[in-house]
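These notes concern the structure reproduced below.
Nothing in this text is a laboratory measurement; each read-out follows from the coordinates by a stated rule. These numbers come from a predicted model, not from an experiment. Neighbour counts are summed over all protein chains in view; Cβ atoms, including those assigned to glycine, are modelled from backbone coordinates with ideal geometry.
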Amino acid sequence: MGHGFGELAKVRGIVTHKISPFEQRAFANVISKGIPNTLRRIRSQVFIVAPRHERVKICFCTDLDKSVLISNFEKRGWVQVTADDDWNFYWAGTGTCRNIFSVDSGYRMHDNQLINHFPNHYELSRKDLLVKNIKRYRKDLERDGNPLAEKTEANIPGGSKYLYLDFIPITFVLPADYNMFVEEYRKNPQSTWIMKPCGKSQGAGIFLINKLSKLKRWSREAKTSFHPQIGKESYVISRYIENPLLIGGKKFDLRLYVLVTSFRPLKAYLFRLGFCRFCTVKYDTSVTELDNMYVHLTNVSVQKHGGEYNNHHGGKWSVQNLRLYLEGTRGKEVTDKLFGSITWLIVHSLKAVSSVMASDRHCFECYGYDIIIDNTLKPWLVEVNASPSLTSTTANDRILKYKLIDNILNIVLPPDGVPDVRWNKIPSPDMLGNFDLLIDEEIAAQDDNMQNSNNGKHRSNNNRWK
């Protein structure tokens, strides 16, 4: 809803009536961009009608000069072109994607083009919108009486919590939620909070606070007002996970890759070759170490500047090694429960945005999920990245990311390897590689219909004997 001509626009659960931008300016750019765009689409379709036994020329374009991308594309015999040429596959930056889908660009994608971002991917990857969407999702389920939104008793310490959807730390968006944050802070003034700018990544602008005065002092020094009507740049402030699971005395998080090929119906896959990212300095909650990012932030972009950084392994550990370690130290049952909870967390974070995401069939997206595990083996979603780094810091890192891109291409492309949005986006199991299917609502609906059909036949046959 809200993505076609004259449709209602649904924005994060709020239904509003508006005129489509195409209806407002029905003939905008018709000469300067409309006619050239039409000619481009006609030219691009010419090769598609060639006999299937002839080799089809696939043209790719990319903003990123990354060897794991280029080598994968060239291995398939694809030809690199510029953004101004006719292309079939574009591995773009998020800014380029926004420009392509902008109404003012006048660009219309044809059936044989794919691009690696959804138009409003920020609903999941921008920190403040992720929090808002998850909160709305829980409220919607609660309003509908869905058992997934069940809560604990309100009189327990810490207040009522969601039993099944409690996977993000208590979080507020500043400056809008400043007063609510202060109210929550005063309930437990000994707690530590972590502050992050909404639109930045790789650890930029992050700091910890354990006193309200520190936040106010920072606001004055940064000349950033927390008055809801004055503040411009948004931040999220979250309860810091002060009891992280430690290995070798060091804090770590998980980087997991999740591929989404459609949001409606939701189709998502989890890459098995994720990894842990370790801090280089042992964990310490003392006040003196509160500003030491080598203790608290696991981002490689931060840790690689530390004196203890290891260039050989890059401070990384495979998910498989983590699982073996946990099975040996905590037991298989609780380890299986942990990994099941991680899968649950990912699926419901995607469901939280599926209704507001523009699910364009030309799009797919690989998200980088950052997850922290606490010492009770409870996973917490920290953030989701729309452009996870493809830079290789070690030899193993390069092998992993090469496989990641290769497996993504195998899943998003039809069996003949030619981009085509008319394909049903259901790859054969042997094309998944190192990906596991997380959810496919289309297949699930087909299975349900088949089961209902079989049950109906069974009842009908039984009725004959009555």
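Things worth noting here:
- Whether region 91-220 is rounded, prolate or oblate, judged on the alpha carbon gyration tensor where a/c under 1.5 counts as rounded: oblate
- Long-range HN-HN contacts of CYS198 with modeled amide H, under 5 Å: SER234, TYR235, VAL236
- A protection proxy built from the mean count of other Cβ atoms within 10 Å ranks the segments 384-392, 182-190, 119-127, most packed first, as 119-127, 384-392, 182-190.
- Beyond 25 Å in Cα-Cα separation lie the following of the pairs LYS216/LYS378; LYS139/LYS187; LYS211/LYS282; LYS75/LYS425: LYS216/LYS378.
- Using θ = phi - 60° and Karplus 6.51 cos²θ - 1.76 cosθ + 1.60, couplings along region 167-174 (whole Hz; Gly, Pro as x): 10, 10, x, 4, 9, 10, 9, 9
- Partners of LYS267 within straight-line reach, counting aspartates and glutamates whose Cα lies under 18 Å from its Cα and excluding those fewer than 8 residues away in the same chain: GLU123, ASP360, GLU365, ASP420, ASP430, ASP436, ASP440, GLU441, GLU442, ASP447, ASP448.
- Across region 104-116, rounded Karplus estimates of 3J(HN,Hα) from the backbone phi angles (6.51 cos²θ - 1.76 cosθ + 1.60, θ = phi - 60°) give 5, 6, x, 8, 10, 6, 9, 5, 10, 10, 10, 9, 8 Hz, Gly and Pro being marked x.
- Amide H contacts of GLY93: ASP63, each under 5 Å away and 5 or more positions distant or on a separate chain (H built 1.01 Å from N in the peptide plane; Pro and chain starts excluded).
- Taking amide H as placed 1.01 Å from N in the peptide plane, the amide H of GLU150 sits under 5 Å from that of LEU163, TYR164, each at least 5 places away or on another chain.
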